[in-house]
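Heads up: the structure comes next, in structure tokens.
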Amino acid sequence: MKNKHSASVIIVLMMLFLLPNLSHARLKDYVPIIKVKYHQKTKDTFNNIATYFEKRGDPQAAEFFRSYAESGSWGSGFIVVDKSGNNYIITNRHVVEQSENVDVVFENEDGSEKIFQDCPIVYTDNDIDLAVVQFPDNKRVFKRGFDFDTGLQRERTEVFSAGFPHLLNRPGWQLSAGIISNEKAYVPEMMDPDITYLIQHSATIDSGNSGGPLLIEDRSNPLGYRVIGVNTWKITNRENVNFSIPAMTTTTVLEKAKAVEEIYNNTSLLKEELLKNCRTLSEELGSDEPDLEVIYRYISYAIVGENGWESFLTILDAAPNRREREIWEQSFFYNPVQTMRNAIFYHFWMDLSENADLSSITFSGINPEDEEKVGTPSEIRSNYKIGGDTMEIAWNLEYGHWRISRLDFSSLPGHDVPHKRDRGPTGRVTRVLSGDRIILLGIRTSIGSAGARGDVYGFSPYSGKGGIFSYSIGIEAEYSLSPYLWAASGLNYVRKGMQYDRDVTGTLFEYKERIGYLQIPLMIKLRMGFFLGAGVGLNFRVSSGGEEYNTVTGLSQELTSTYFDNIDAFNFSLIMTGGLEYFLRGSSTIVGFDITLDYHLLNDKDFPANETSRYYTISAGGFVKFGFVR
């Protein structure tokens with residue numbers, strides 16, 4: 001009997017010892033991976049960006065953006081089942097808010113995966129970094145989930161973080177232990193202290209842990225743990241300083257999500273909510289001190305694929321200095337979707353605030369054709385009056401909120417008025433990161449003075465050399481090698497020549513030469529709010545003429561062809577130019593002016609080797625060019 005009793009005690013002790021470990025094994029079944037699934041247009045945008053970097057010779061950047069399109073990012077979550085048996089997955093807003101929907105993935109004990117695809121995002125909170133997801137068709141996959149402990153947890157309490165942080169660029173299960181180091185942390189940069197405090201703890205969390213539960217052990221609970229918070233942030237330049245949103249706040253957000261579900265099923269309430277948002281947008285836009293945060297919240301993630309890339313380029317062009325431009329570029333590589341959403345907001349606000357009298361804006365109603373579509377996946381169009389213009393904005397439901405799903409920037413009042421970026425030499429034509437190559441085609445004409453420079457004209461029998469009227473006309477083409485460096489060529493007709501006096505056996509003759517050249521310029525131009533260019537010209541003589549005037553007899557005659565046999569039919573010239581350009585409103589047209597020096601590099605006349613004679617022109621020109629995207 002004694003041996004049997006001892007054996008029973010040992011078995012009981014072993015079971016008590018193993019119970020937490022069994023709970024840990026089951027824990028993974030209730031903590032899924034949350035995989036982002038971007039909108040199709042957003043994926044297409046990433047693929048276009050990747051193609052650009054491939055053409056640019058940067059395969060690493062191309063792969064970076066293509067991976068966004070193909071795989072996306074991920075975070076963690078946990079299962080909650082309410083009293084009615086409804087299943088919910090709690091995670092962070094920043095994990096899911098760039099998605100059309102998400103895949104919820106559970107890792108089995110053998111390493112295989114059980115995947116629930118296209119799970120809808122029921123709700124994201126605007127003020128708290130939390131989101132609520134459901135299984136497709138509101139399936140009740142689980143009979144129970146985690147229980148919350150909403151009480152205040154004291155410092156030094158042992159806690160556990162569970163989730164799927166990055167492990168060699170893939171999700172890897174991790175359960176780590178730590179303690180509560182600050183039971184009530186108020187960090188305004190993370191959470192408005194008026195809303196809630198945060199739990200600061202030392203249980204390790206890394207990228208991919210976001211949205212996973214912060215747990216305390218409870219052996220009486222079927223899962224072995226209760227949720228006291230949602231892991232959300234970590235301080236990277238300190239060791240084990242991590243923050244979770246407390247369970248009390250999480251339950252409040254879950255109740256909001258349930259309330260939204262009820263509104264979804266009530267068309268009247270949905271319409272009422274939409275009208276409220278339309279009026280709020282109108283009031284904020286027309287306010288002397290608009291709340292930009294309110295307006296920003298109306299920008300959907302669905303619109304990123306539609307307008308995000310173009311808006312990002314617009315904001316980049318409008319950056320007032322190099323530092324701000326670099327900040328936008330760095331942000332884009334860190335989080336491209338969020339950056340493009342930010343750019344859409346700034347683009348929208350910039351277009352309206354700079355170019356329209358927003359004090360006159362009024363909401364004029366929902367498009368009558370769309371009123372019956374409220375409650376369906378279709379977009380709902382709304383109309384706004386600004387002065388004599390009408391602006392249309394389309395709305396759709398996203399994460400439990402009415403948000404702007406489509407903006408036609410070309411229809412915005414004042415869209416044809418240039419922004420600060422447009423007042424430079426090339427404005428919107430200069431694409432910075434788009435990968436588009438810009439071609440400029442145009443015509444140029446100039447007037448100026450032509451002459452010749454050379455040693456021979458300083459000695460008898462020559463004297464009194466001077467310039468003649470010069471002009472040119474032609475077509476030009478330019479191609480962007482980079483935002484600032486352009487290659488230029490064209491075909492021009494340029495009239496050159498000179499006038500000089502010559503003593504022939506005691507008689508003074510005056511000569512005027514007029515030489516017509518067909519010129520092909522080959523140049524490089526630098527654009528930085530103005531332009532500078534340099535290159536060579538290939539000059540082919542196509543016409544010649546002039547006069548010989550006898551100062552003694554007063555007679556003049558046309559110069560014969562024999563005279564021009566002494567002038568070379570071809571020459572190279574050095575071309576240097578500089579000027580200003582102006583981008584016309586609402587178009588891809590550029591006008592401008594320049595000052596140009598054209599100087600022949602070789603002798604034009606057959607003089608002795610130690611004597612020179614080279615034509616030159618100094619001219620002022622005007623041009624108009626049209627931009628095209630290749």
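The values are calculated or read from the model by the stated rules, or taken from the named source; none is laboratory data. These numbers were taken from a predicted model, which means no experiment stands behind them. When we count neighbours, we look across all protein chains shown, and the Cβ atoms used for this are built from the backbone with ideal geometry, even at glycine. These area figures cover heavy atoms from the full protein model, side chains too; ligands, DNA and RNA do not enter into them. Shrake-Rupley method; radii C 1.70, N 1.55, O 1.52, S 1.80 Å.
Here are a few things to note about the model shown:
- Contact annotation: residue pairs with Cβ atoms under 7 Å, 6 or more positions apart or on different chains, pairing a residue in the range 100-123 that is farther than 25 Å from VAL304 by Cβ with a partner that is of a type in the set (S, T, N, Q), are LYS114/ASN108.
- Among the candidates SER460, SER489, residue that is open to solvent by 30 Å² or more (accessible area, probe 1.4 Å), of a type in the set (Ser, Thr, Tyr) and either within 30 Å of TYR296 (Cβ to Cβ) or at pLDDT 75 or above (or both): SER489
- Residues in the range 524-554 that are modelled with pLDDT of 90 or more, more than 17 Å from GLU513 (Cα to Cα) and open to solvent by 20 Å² or more (accessible area, probe 1.4 Å): ILE524, LEU526, LEU532, ALA534, VAL536, LEU538.
- ILE366 at pLDDT 90 or above, farther than 30 Å from GLN499 by Cα, over 27 Å from the mean Cα position of the chain (by Cα) and crowded, with 19+ Cβ neighbours inside 10 Å: yes
- The combined condition, being in a strand (DSSP E or B) and open to solvent by 50 Å² or more (accessible area, probe 1.4 Å), is not fulfilled by VAL494.
- Looking only at residues in the range 508-523 that are open to solvent by 30 Å² or more (accessible area, probe 1.4 Å) and not aliphatic (A, V, I, L, M), the one that is nearest to ARG56 (Cα to Cα) is ARG514.
- PHE570 surrounded by fewer than 13 Cβ atoms within 10 Å (Cβ to Cβ), in contact with a strand residue (DSSP E or B) (Cβ under 8 Å, 6 or more places away or on another chain) and either aromatic (Phe, Trp, Tyr) or closer than 20 Å to ALA620 by Cα (or both): yes
Residues are listed down the side, and each one gets a yes or a no for (1) aliphatic (A, V, I, L, M); (2) buried (at least 19 other Cβ atoms within 10 Å of the Cβ); (3) without any contact (Cβ under 8 Å) to a residue 12 or more places away in the chain; (4) in a strand (DSSP E or B):
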residue	(1), (2), (3), (4)
PHE53	no, yes, no, no
GLY57	no, no, yes, no
PHE65	no, yes, no, no
VAL80	yes, yes, no, yes
SER84	no, no, yes, no
ILE89	yes, yes, no, yes
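- Within the range 66-75, one or more residues are in contact with a helix residue (DSSP H, G or I) (Cβ under 7 Å, 6 or more places away or on another chain) and more than 15 Å from PRO336 (Cβ to Cβ).
- Among residues of the range 72-87, those that are closer than 23 Å to ASP129 by Cβ and either at pLDDT below 95 or not hydrophobic (A, V, I, L, M, F, W, C) (or both), counted: 9
- With respect to the stated conditions, ARG444 fails to be within 19 Å of the chain's Cα centre (by Cα), assigned to a strand (DSSP E or B), of a type outside the set (A, V, I, L, M, F, W, C) and modelled with pLDDT of 60 or more.
- Residue match in the range 350-360 (condition: without any contact (Cβ under 8 Å) to a residue 24 or more places away in the chain and either surrounded by fewer than 18 Cβ atoms within 10 Å (Cβ to Cβ) or closer than 26 Å to VAL102 by Cα (or both)): yes
- Candidate set from the range 138-183 (those that are among the hydroxyl-bearing types (Ser, Thr, Tyr) and assigned to a loop (DSSP other than H, G, I, E, B)); member that is nearest to GLU239 (Cα to Cα): THR157
- Residue within the range 36-47 that is crowded, with 19+ Cβ neighbours inside 10 Å, of a type outside the set (A, V, I, L, M, F, W, C), part of a loop (DSSP other than H, G, I, E, B) and touching a residue at least 12 places away in the same chain (Cβ under 8 Å) present: yes
- Scanning the range 25-35 for residues that are at pLDDT below 85 and open to solvent by 50 Å² or more (accessible area, probe 1.4 Å) yields one hit, ARG26.
- Looking only at the range 232-290, and only at residues there that are in a loop (DSSP other than H, G, I, E, B), touching a Gly at 6+ places or on another chain (Cβ under 9 Å) and over 28 Å from VAL187 (Cα atoms), the one that is least open to solvent (accessible area, probe 1.4 Å): ASN266
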